[in-house]
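Encoded as structure tokens, the structure appears first; notes follow it.
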Amino acid sequence: MLAGKRILLIISGGIAAYKSLELIRRLRDRGVSVRCIMTAAATNFVTPLSVAALSEDKVYDELWSLTDESEMGHIRLSREADLVVVAPATADLLARMAAGMADDLAATTLIATDKPVLIAPAMNVVMWHHPATQANLTLLASRGILRVGPNAGKLADGEEGLGRLAEPHEILAAIDDFFAGSGLLKGRRALVTSGPTHEPIDPVRYIANRSSGKQGHAIAAALAALGAETTLVSGPTHEPDPPGARVVRIETAQEMLVACEAALPVDIAVCAAAVADWRVASPATQKVKKDGRLPVLSLTENPDILARLSTTGAARPRLVVGFAAETEEIVRHAQEKRRRKGCDWILANDVSPASGTFGGDSNRIHLVDDTGVEDWPAMSKREVAERLAKRIADHLGAGTT
Ligand code: C5P
């Protein structure tokens with residue numbers, strides 16, 4: 001399945017760089033074209049000559065080499081691949097990726113690429129557990145960067161623990177998984193709502209809720225990663241834009257509805273936004289003054305976007321998925337909600353304060369459809385997103401193209 005694919009392999013400077021030679025050989029055996037970039041430090045561990053010989057291509061290791069820039073600029077280099085693999089990815093290169101630096105060819109290529117990136121970290125165990133490295137990894141994961149390893153074991157410096165580069169066959173398996181999944185939703189269009197809405201009281205105050213947008217953004221990223229042409233309609237959040245999705249930013253529920261309707265027709269709609277149920281009927285046009293009298297807010301109901309999308313007649317998406325945030329009798333309430341709103345699936349989750357779901361990183365999902373309930377184990381919001389995207393791909397069957 002890998003034959004004919006193009007991989008840009010970035011080798012950074014760690015003792016594990018020698019394993020990249022084996023990776024190149026295995027990729028070439030599978031008919032993959034491998035183009036390599038080496039950082040200056042990497043050339044201390046393996047020679048560009050070996051890398052060139054095994055990849056059967058020139059090795060790129062000098063950002064400002066005029067010949068390279070005229071023959072093959074770093075922008076072209078970063079785009080002419082189906083997947084960028086960084087193996088080994090050192091703590092230093094991960095930090096530079098996270099910071100968006102462009103201080104050598106490897107970092108410049110990583111910030112210039114519009115292609116998916118898979119990292120295979122390798123470093124000392126203390127460097128791996130350092131809060132800086134962990135924060136960089138979290139940030140990179142939120143940007144859709146894929147990761148394989150590291151493994152635990154004896155490290156080159158004699159210490160034991162996490163930090164060993166994944167074995168070449170494991171990196172190859174991660175590459176296989178990527179290509180197996182990447183086309184599952186090709187030809188499908190998806191719409192995802194995410195985040196809270198802000199409903200104005202006056203020009204400076206609003207009614208909002210605690211939704212972080214993490215789950216909705218992760219779903220948009222996961223659908224896009226499987227090849228769906230994805231529109232994310234998002235209320236105000238601090239989440240970075242999911243890679244590969246078109247993002248439409250709105251503030252109010254009414255704006256969200258308009259943006260969703262403008263994105264139709266789609267095959268898949270996933271409503272993960274925490275839409276405010278009510279808005280102030282007539283927001284003040286000037287800031288409401290504190291004049292001794294208590295203001296009275298008169299509320300009116302917001303449109304239910306999930307229910308609207310579920311009943312849009314001919315333009316109804318083939319699969320409409322809603323969320324149910326419940327604090328008690330989770331599944332029963334979700335089943336009722338599914339019927340009431342007319343959607344196909346409800347992903348019910350426990351948002352009681354003890355669960356830490358709102359604003360937190362993990363979710364425990366019960367998928368309710370017309371056949372019953374599927375209980376998922378507790379997992380991160382990113383894992384929920386990936387599992388949901390695969391479940392959707394299974395449900396819709398092979399792509400339309
Ligand atoms: O009714 P409730 O707010 O519990 O329903 C939650 C589900 O409905 C979520 O999928 C949410 O995105 C969606 N919803 C919506 N528009 C609303 C309220 C909820 O799309 N006005």
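The values are calculated or read from the model by the stated rules, or taken from the named source; none is laboratory data. In this text the structure is predicted, and so the values were computed from the model without any measurement. Cβ placement follows ideal geometry from the backbone for every residue including glycine, while neighbour counts extend to all protein chains displayed. What goes into the accessible areas is simple: the full protein's heavy atoms, side chains included, and nothing from ligands, DNA or RNA. Shrake-Rupley method; radii C 1.70, N 1.55, O 1.52, S 1.80 Å.
Solvent-accessible surface of the chain, taken per residue with a 1.4 Å probe and all protein chains present: 47 Å². Restricting the calculation to Cα atoms, the chain yields a radius of gyration followed by a Dmax of 24.1, 81 Å.
Peptides 107-117, 51-61 ranked from most to least packed give 107-117, 51-61, packing being the mean of other C-beta atoms within 10 angstrom over each peptide's residues.
For a paramagnetic label modelled on residue 254 (point 7 Å from Cα along Cα→Cβ), amide N atoms under 14 Å away belong, within the range 296-313, to 299-304. Just list whichever of 214/390; 5/154; 341/381 have alpha carbons separated by over 26 Å in the model shown. Listed pairs above 26 Å: 5/154. Residues whose amide H comes within less than 5 Å of that of residue 85, counting only those at least five positions distant or on another chain, are 8, 9, 10, 118 (H built at 1.01 Å from N in the peptide plane). Round to a whole number: what % of the accessible area of the range 229-387 belongs to carbon and sulfur, probe 1.4 Å? Ligands and nucleic acids excluded, carbon and sulfur give 49 percent. Between residue 315 and residue 138, the simple spin-label model (points 7 angstrom out along Cα→Cβ) gives 4.0 nm. The Cα-based radius of gyration and maximum Cα-Cα distance (Dmax) for the range 189-396 are 17.2, 60 Å. FRET efficiency for the residue 390 to residue 331 pair, using the beta carbon distance and R₀ = 30 Å, is estimated at 0.85. Its Cα gyration tensor gives the range 164-215 an equivalent ellipsoid; the semi-axes, largest first and in whole Å, are 43, 18, 6. Ranked from largest, the principal axis spans of the Cα set of the range 6-181 equal 44, 36, 33 Å.
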